[in-house]
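These notes concern the structure reproduced below.
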Amino acid sequence: MKDWPLWEVFVRARGGLDHRHAGSVHAPDADMALRHARDTYTRRMEGVSIWVVRSADIVASDPAKGEALFEPAASKIYRHPTFYELPEAVNHM
Amino acid sequence: MQPNHIEALLEVADDSLVLGQRLCEWCGHAPTIEVDLSLSNLALDLIGQATLLLDYAGEREGQGRDADRLAFHRDAEAFRNSMLVEQPNGDFARTVMRHFLFAAYANPLFEALTSSPDARLAEIAAKSIKELRYHLEYATDWLERLGQGTEESHRRVAEAYDWHWRFVDDLFFDSEAWKSGAESGLWPLRAQLRPAFDETLNAGLARAGLAEPKPVWPIVGGRLGKHSEHLSSLLATMQVLPRAHPEATW
C-alpha cells in the first residue's frame, strides 16, 4: 500500500458549477481512487460529481519560470475590459 | 407490532450496531488514511441505521427505552445479532470478507423491508438501502483486489472466507420471532433471501478468483442470544462509559 499512486480529486459542488480541485488521495487504481475521493471529500454533502486523475498525468508549469510566464501580463492593463462605457441598461458588469 | 416482532426488529438493529462498533476499532489503525476514512464511513452508516431501528423498537415496546438505553444497557444474551458481525476484525482481508458477506445479505433484506406494510420500518429501510448498496460495492471492489492482488493477499482473503463461512447460516437463521413477523407479512423469511445472496456471493467470488470454502460445521445461535465469546468484550468497550455514568449526557 506504500506504493499506491497519488490521484488528484476534483469535485462538482452542484449541477452547473465547475469541478474544482479538492485535494488528493492515494489509491491502487482509478475505481478505488473514486471511492477514496468520495469517502474523503464528499462526507458532508460537498459534491454531486467527482473526477480523479493520476497526479503524474498532470503537466504543470515550472514555478521557477514564473517571471517569464506570468509577469508580462501585469503591464497589459488594456486586456481588462474596463475602458468601455456601458449603457445604463447594462447592469452588474 | 407484537412483542416478538420487536424482538425480531432487534435482530436487524443489532447486526448494524455490532458491526458498526467492530468497524470503529479500525479508526486510527487502517492501512492508509483513505481506508481509515472509508471504514469509519461504513461504521457511521451502520450506527445510524441501528439508532433508527433501536429507537423504533423502543417506541413500540413502550417501556421508555430509547436507542441509547437498548444499545448500552443490555447484556450479551439480550443481543440478537448474528455471530458473523461480532467476529474480531482480524486482518484487513477478514474485515473485507465479513463486510462482503454481511452486505450481500443485508441488501436483499433491506430491499424487501422498503415495501414492508410497517411504514416506519419501510422508511428506515429506504434510507439504509442506499448506504448498504455502497457497502456492497465497496466490499466487492476490495474482495476482487485482494483476490487478484498478490499471492499473499489472495491467501489471506481465501483464509478469511474459510473463517467466516461457518457463520453464514447464523446470518440467515429464521428465529420464531422472525417467522412470526414473516407470517404477519412484515418481512420475508430469511430463507427467501438466500438465492439473492448466493447470486451476489458467486459473482463476487468469481471476480476475486476464490474457490469454494472448506466445508465447516455451521455455528448458529446469535438470533437466540447465544454468542461467541467475542461479543462480551466488544460490549464491555462499547458500554463501559454509559454504564459507569448512566446520567451522563453529551
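If we keep just the residues of region B:20-39 that are buried (at least 19 other Cβ atoms within 10 Å of the Cβ) and out of contact with any Ser or Thr (no Cβ under 9 Å at 6 or more places or on another chain), which is nearest to the other protein chains (Cβ to nearest Cβ)?
The extreme case among them is B:Val35.
Residue-wise test of (1) under 21 Å from B:Leu42 (Cα atoms); (2) within 14 Å of chain B (Cβ to nearest Cβ); (3) in a loop (DSSP other than H, G, I, E, B).
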{"position": "A:Arg14", "(1), (2), (3)": "no, no, yes"}
{"position": "A:Leu17", "(1), (2), (3)": "no, no, yes"}
{"position": "A:His21", "(1), (2), (3)": "no, no, no"}
{"position": "A:Gly47", "(1), (2), (3)": "yes, no, yes"}
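Can you tell me which residue in region A:49-75 is farthest from the other protein chains (Cβ to nearest Cβ), limited to those that are among the small types (Gly, Ala, Ser) and free of Cβ contacts under 8 Å to residues at least 24 places away in the same chain?
Within region A:49-75, the subset among the small types (Gly, Ala, Ser) is A:49, A:55-56, A:60-61, A:64, A:66, A:68, A:73-75.
From what is left, the residues that are free of Cβ contacts under 8 Å to residues at least 24 places away in the same chain are A:60-61, A:64, A:66, A:68, A:73-75.
Values: A:Ala60: 23, A:Ser61: 28, A:Ala64: 31, A:Gly66: 32, A:Ala68: 38, A:Ala73: 38, A:Ala74: 40, A:Ser75: 45 Å.
The qualifying residue farthest from the other protein chains (Cβ to nearest Cβ) is A:Ser75.
Given the criteria within 22 Å of B:Gly20 (Cβ to Cβ) and among the charged types (D, E, K, R), does B:Arg207 qualify? Break it down into steps so the answer makes sense when it comes.
Values: within 22 Å of B:Gly20 (Cβ to Cβ): no; among the charged types (D, E, K, R): yes.
Taking the combined requirement at face value, the residue does not satisfy it.
Could you tell me whether B:His73 is of a type outside the set (A, V, I, L, M, F, W, C), within 14 Å of chain A (Cβ to nearest Cβ), on the phi < 0 side of the Ramachandran plot and surrounded by fewer than 16 Cβ atoms within 10 Å (Cβ to Cβ)? Outline the logic, then answer.
Working: of a type outside the set (A, V, I, L, M, F, W, C): yes; within 14 Å of chain A (Cβ to nearest Cβ): no; on the phi < 0 side of the Ramachandran plot: yes; surrounded by fewer than 16 Cβ atoms within 10 Å (Cβ to Cβ): yes.
No: the conditions fail for B:His73.
Quick one: which helices (runs of 4 or more DSSP H) sit completely within region B:109-181 and have at least 1 residues that are over 18 Å from the mean Cα position of the chain (by Cα) and among the aliphatic types (A, V, I, L, M)?
Because the criterion is at least 1 residues that are over 18 Å from the mean Cα position of the chain (by Cα) and among the aliphatic types (A, V, I, L, M), the helices (runs of 4 or more DSSP H) in region B:109-181 that meet it are B:119-148, B:151-165.
Determine which single condition B:Pro242 fails, assuming it passes every other condition in (1) closer than 23 Å to B:Ala8 by Cβ; (2) outside any loop (DSSP other than H, G, I, E, B).
(1)
Looking at this structure, is A:Glu8 among the acidic types (Asp, Glu), buried (at least 18 other Cβ atoms within 10 Å of the Cβ), over 19 Å from B:Glu144 (Cβ atoms) and touching a residue at least 12 places away in the same chain (Cβ under 8 Å)? Lay out the reasoning, then the answer.
Numbers: among the acidic types (Asp, Glu): yes; buried (at least 18 other Cβ atoms within 10 Å of the Cβ): yes; over 19 Å from B:Glu144 (Cβ atoms): yes; touching a residue at least 12 places away in the same chain (Cβ under 8 Å): yes.
Considered against the rule, which asks whether it is among the acidic types (Asp, Glu), buried (at least 18 other Cβ atoms within 10 Å of the Cβ), over 19 Å from B:Glu144 (Cβ atoms) and touching a residue at least 12 places away in the same chain (Cβ under 8 Å), A:Glu8 comes out as yes.
Read-outs throughout are calculated quantities, based only on the coordinates presented, and are distinct from any laboratory measurement. Every value quoted in this text rests on a predicted model; they were computed, and no experiment measured them. When we count neighbours, we look across all protein chains shown, and the Cβ atoms used for this are built from the backbone with ideal geometry, even at glycine.
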